[in-house]
Amino acid sequence: MGPLIDAYNAVGSPDWRTQLQGSITSADALAAHLPVDRDAVAAVARVYPLRIPRPFLRLIRSPQDSFWRQAVPDPAELADSGASPDPSEEDRQSPVDHLVHRYPDRVVLLISNRCALYCRFCMRKRRVGRPVNIDWPQIRQAVAYIGACPGVREVILSGGDPLLRKDEQLAETLAALRRLPQIEIIRIHTRIPAVLPERVTAALVEVLKQFGPLYVNLHFNHAEEITPAAAAACSRLADAGIPLGSQSVLLKGVNNRVATMRALMRRLAAVRVRPYALHHPDPVAGTTHFRVPLAQGLQIMRSLRGHISGLCVPHYMADLPAGGGKVPLLPDYWRRQGGHVEVMNYEGRLFQYPDV
Ligand code: SF4
């Protein structure tokens, strides 16, 4: 790495690494802090890894709260073995290792298998935390694949969490992508500001600033996750001119109430994160206890539109089985009635709308 990267590292803080190393990763350690069934947690963690960083652990109050539901292994994870680990068939749409090519103009590059928190609802449970080495020859091979696809204009860095890569590795990957003339947009999907905000160092921000246009989509599922530290991490990114969006997942027992969802979307906008997507939970093995009916998601969406600022209303998305891709799901606001169109407003009142 060159002097530019050395400079990045010189200003970087090691605090986030210390935080990460001090994370809870075993049933014994978790039982020392929370009233869990140690053996039950151990049984789940043998199948789906456990990691909770200390700052996130301190937010957990009871088994009913959103932090517990998202972070603490639950025996229900082992009860849906009939479900597919990859229902949207990402692996089938992977022409080279660690890359998903589903749509004509964009690809997902999975540059990390690690996360600061192993979310119990993760749609990539089959990958995250696994001892799969993503080595740099593989990433270079994936970048070479992208270079050979002239129709690809956007690359989404995902994982795992891409921001668990070292600054210099991120810089190397971003630089390699920027050398491809057809790449217009780079997007990073990360949960880091919610779970390990100390990782958003000045050095990291400096790296990201070099490679715009770059969009960062953050993952928050509950307004209480936007702690002062998380909000400060968002500010560091936004102050650097990096557009921030959010993607949340609709999760039973976490955010499937109207008031909870409204609070989350408003709080995101207040910290300069534009609500972008609300994902309906996929039927992924180990996560189906988080699923809610589509009708409930549509009802929540109806409760957002018109009731809170349009800036705060995300797209409600379902990822179709068998690689069908993501589609928006919308409440029915209109119908044709004889010779006219009848439209329902946000209060549920019907209006006749003049059509041509
Ligand atoms: S941070 Fe993202 S990729 Fe990692 S476990 Fe959570 S949802 Fe999955």
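State whether one or more residues within the stretch 232-241 are crowded, with 17+ Cβ neighbours inside 10 Å, farther than 22 Å from Ile156 by Cα, at pLDDT 95 or above and within 16 Å of the ligand (Cβ to nearest atom). Looking for residues that are crowded, with 17+ Cβ neighbours inside 10 Å, farther than 22 Å from Ile156 by Cα, at pLDDT 95 or above and within 16 Å of the ligand (Cβ to nearest atom), one finds none in the stretch 232-241, hence no. The one condition from (1) free of Cβ contacts under 8 Å to residues at least 60 places away in the same chain; (2) at negative phi; (3) crowded, with 17+ Cβ neighbours inside 10 Å that Gly160 does not meet is (2).
Tallying residues that are assigned to a helix (DSSP H, G or I) and either free of Cβ contacts under 8 Å to residues at least 12 places away in the same chain or at positive phi (or both) within the stretch 302-356 yields 3. Considered as a group, the residues in the stretch 65-83 that are in a helix (DSSP H, G or I) and under 20 Å from the mean Cα position of the chain (by Cα) include one that is surrounded by the most Cβ atoms within 10 Å (Cβ to Cβ), and that residue is Gln70. Scanning the stretch 285-301 for residues that are out of contact with any strand residue (DSSP E or B) (no Cβ under 9 Å at 6 or more places or on another chain), assigned to a helix (DSSP H, G or I) and touching a residue at least 24 places away in the same chain (Cβ under 8 Å) yields Thr288, His289, Gln296, Gln299.
Scanning the stretch 121-163 for residues that are within 16 Å of the ligand (Cβ to nearest atom) and charged (D, E, K, R) returns Arg124, Lys125, Arg126, Arg127, Arg130, Asp161. In the stretch 112-128, the residues that are in contact (Cβ under 8 Å) with a residue 24 or more places away in the chain and in a loop (DSSP other than H, G, I, E, B) form Cβ pairs under 9 Å with partners that are near the ligand (Cβ under 8 Å from one of its atoms) and among the hydroxyl-bearing types (Ser, Thr, Tyr), at six or more places apart or across chains, as follows: Ser112/Ser158; Arg124/Ser158; Lys125/Tyr118; Val128/Tyr118. For the stretch 327-344, residues that are polar (S, T, N, Q) and touching a Leu at 6+ places or on another chain (Cβ under 7 Å) total 0.
Per-residue answers, yes or no, for (1) part of a helix (DSSP H, G or I); (2) in contact with a strand residue (DSSP E or B) (Cβ under 6 Å, 6 or more places away or on another chain):
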| position | (1), (2) |
| --- | --- |
| Leu157 | no, yes |
| Gln169 | yes, no |
| Ala175 | yes, no |
| Leu180 | no, no |
| Ile186 | no, yes |
| Glu198 | yes, no |
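The values are calculated or read from the model by the stated rules, or taken from the named source; none is laboratory data. Values in this document were obtained by computation on a predicted structure and should not be read as measured data. Cβ sites come from the backbone with ideal geometry, for glycine too, and all protein chains shown count toward neighbours.
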